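Visitor: I am attaching a structure below and will ask some questions about it afterwards.
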Amino acid sequence: MKDIEKYKEIFNSPLVEAIERELIWTGHDCERVGGEQYKEAVRSLLRVRKRVLDNLFSSTAEHKIFLEEFNQAAKTALIKTRTQTINTYRALSKGNCKGDIEVNGYCFLGYEYPAMHPIQTDRAKKV
């Protein structure tokens, strides 16, 4: 329980909160306006967030297991999203659609994920 409180403190730190809020707003701009500059800004902010969290977390066996579980859940969700997006594109291409077709897939780990990550903040879910 002591570790969870420490993790909550890290995720609620002003620096992490500021980066996550900027990620949310930049992500909205990326969806609304599009363009490589916004995509690169999101990638850059994610790299900054990762470096900040890496510096704030102390590496333990428990932490390693936690990250492995998250990475496996994220990988599974991304593969499923990619497959569904490709299948949707193929179905639309074979249908009565005229002109160019673009399909975007969005990945959401779902509501079962917070059980694996008991300190997931609402802000982090939006990121």
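Bear in mind that the values in this text are calculations on the coordinates, not laboratory data. It should be emphasised that the depicted structure is a prediction, and the values quoted were computed from it without experimental measurement. Glycine also receives a Cβ, built like all others from the backbone with ideal geometry; neighbour counts cover every protein chain displayed.
Visitor: Based only on Cα atoms, what mean projected area does the convex hull of the stretch 1-120 have, in nm²?
Guide: Seen from a random direction, the Cα hull of the stretch 1-120 projects 9.2 nm² on average.
Visitor: Give a residue-ordered list of calculated ³J(HN,Hα) values for the stretch 34-41 (Karplus: 6.51 cos²θ - 1.76 cosθ + 1.60, θ = phi - 60°; whole Hz; x for Gly, Pro).
Guide: In residue order, the calculated couplings are x, x, 5, 4, 6, 4, 5, 4 Hz.
Visitor: Right, here's the next one. Determine the relative contact order of the stretch 1-120: mean sequence separation of Cα pairs under 8 Å and six or more apart, normalised by residue count, in whole percent.
Guide: Relative contact order of the stretch 1-120: 27 percent.
Visitor: Hey, with R₀ at 41 Å, roughly what FRET efficiency would K50 and C97 work out to, going by the Cβ-Cβ distance, to 0.05?
Guide: That gives a FRET efficiency of 0.60.
Visitor: Return the distance in nm (one decimal) between the two label points of a simple spin-label model at A77 and T60, each offset 7 Å from Cα along Cα→Cβ.
Guide: It works out to 2.4 nm between the two label points.
Visitor: Let me ask you something else. Between the stretch 37-73 and the stretch 5-24, what is the separation of their alpha carbon centroids in Å?
Guide: If we compute the Cα centre of each part, the gap is 12 Å.
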